[in-house]
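**Q** Just dropping this structure here.
The values are calculated or read from the model by the stated rules, or taken from the named source; none is laboratory data. Just so we're clear, the structure is a prediction, and the values are computed from it rather than from any experiment. Note that we place each Cβ from the backbone using ideal geometry, even for glycine, and neighbour counts take in every protein chain shown. SASA here: full protein model, heavy atoms, side chains in, ligands and nucleic acids out. Shrake-Rupley method; radii C 1.70, N 1.55, O 1.52, S 1.80 Å.
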Amino acid sequence: MEEKEISQAVIGRLPRYFRYLGELKDEGIERVSSQELSDIMRVTASQIRQDLNNFGGFGQQGYGYNVGYLYEEIGKILGLDKEHNLIIIGAGHLGQALVNYMNFERRGFLFRGIFDNNPDVCGRQIRGITVRPMQEMARFVQENDIDIAVLTIPKASAVEVAEQLVSYGIKGIWNFAHVDLHVPKGIQVENVHLSDSLMKLSYNLSSHQTEK
């Protein structure tokens with residue numbers, strides 16, 4: 001049987017479901033209806049039901065959703081039931097901030113190595129992880145079963161580094177460089193453009209002021 005393809009819009013909402021369900025779980029709430037979840041998340045109840053039906057539904061008419069169970073199941077769908085080994089390429093301010101963000105580890109994303117082409121930075125430690133030269137990256141990836149590479153490097157070198165990572169066997173790239181990466185089929189890339197998000201906020205501020 002052919003596996004159903006899930007839209008990126010649905011996938012994009014799953015982390016929000018996971019986050020809000022986690023908060024409900026921490027508050028000791030055992031069950032929640034789609035309408036109650038809708039009120040919290042500002043997503044329509046029908047949209048929530050449609051999204052979750054892509055994965056089997058999980059709900060019971062007249063009962064709603066078991067918070068703990070749904071939280072665990074969405075975690076599995078997101079791949080959070082297993083650990084992921086990461087490396088960061090670029091030991092600048094953003095790279096350091098990501099390594100120091102402890103919540104990634106709680107979700108199973110473990111930073112194993114940091115790489116940089118600046119000899120003045122190599123040898124330093126960031127949260128107990130030694131910054132290594134780029135020349136050591138290929139061997140490190142293969143010896144440490146690295147799943148995901150995080151790029152926090154300038155646009156000019158991102159494409160070349162991405163090609164190297166693919167050749168080393170990396171299957172996922174979290175890209176903060178200001179360029180959209182195009183990689184071979186089977187390699188997953190998440191392009192993150194922080195300035196795009198800020199410009200979107202700027203637009204909404206400007207539009208709101210114009211409406212007044």
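**Q** Quick one: how many residues across the range 20-57 are among the hydrophobic types (A, V, I, L, M, F, W, C), without any contact (Cβ under 8 Å) to a residue 40 or more places away in the chain and either touching a Lys or Arg at 6+ places or on another chain (Cβ under 8 Å) or open to solvent by less than 20 Å² (accessible area, probe 1.4 Å) (or both)?
**A** Number of matching residues: 7.
**Q** Would you be able to tell me the number of residues in the range 52-94 that are within 24 Å of Arg106 (Cβ to Cβ) and not hydrophobic (A, V, I, L, M, F, W, C)?
**A** Selection size over the range 52-94: 17.
**Q** If you don't mind, there's one more thing I want to ask. If I go through the range 58-74 residue by residue, how many of them are surrounded by fewer than 17 Cβ atoms within 10 Å (Cβ to Cβ) and either among the aromatic types (Phe, Trp, Tyr) or under 17 Å from Ala9 (Cα atoms) (or both)?
**A** The number of residues fulfilling the criteria is 3.
**Q** Working only within the range 157-198, note down all residues that are more than 17 Å from Gly95 (Cα to Cα), aliphatic (A, V, I, L, M) and loosely packed, with under 11 Cβ neighbours inside 10 Å.
**A** Selection gives Leu198 alone.
**Q** Hey, does the range 143-154 have a residue that's polar (S, T, N, Q) and at pLDDT 95 or above?
**A** Yes.
**Q** Next question. Got at least one residue in the range 190-201 being modelled with pLDDT of 95 or more and in a loop (DSSP other than H, G, I, E, B)?
**A** No, the range 190-201 contains no residue that is modelled with pLDDT of 95 or more and in a loop (DSSP other than H, G, I, E, B).
**Q** Quick one: which of Glu105, Glu160, Glu143 is under 30 Å from Tyr69 (Cα atoms) and either in contact (Cβ under 8 Å) with a residue 24 or more places away in the chain or charged (D, E, K, R) (or both)?
**A** Unique residue meeting the criteria: Glu105.
**Q** Taking the range 120-155, which residues are exposed (fewer than 12 other Cβ atoms within 10 Å of the Cβ) and in a helix (DSSP H, G or I)?
**A** Selection gives Gln135, Arg139, Gln142, Glu143, Lys155.
**Q** Anything in the range 27-53 that is hydroxyl-bearing (Ser, Thr, Tyr) and either out of contact with any strand residue (DSSP E or B) (no Cβ under 8 Å at 6 or more places or on another chain) or more than 11 Å from Gly64 (Cα to Cα) (or both)? List them, or say none.
**A** Once the filter is applied, which keeps residues that are hydroxyl-bearing (Ser, Thr, Tyr) and either out of contact with any strand residue (DSSP E or B) (no Cβ under 8 Å at 6 or more places or on another chain) or more than 11 Å from Gly64 (Cα to Cα) (or both), the range 27-53 yields Ser38, Thr44, Ser46.
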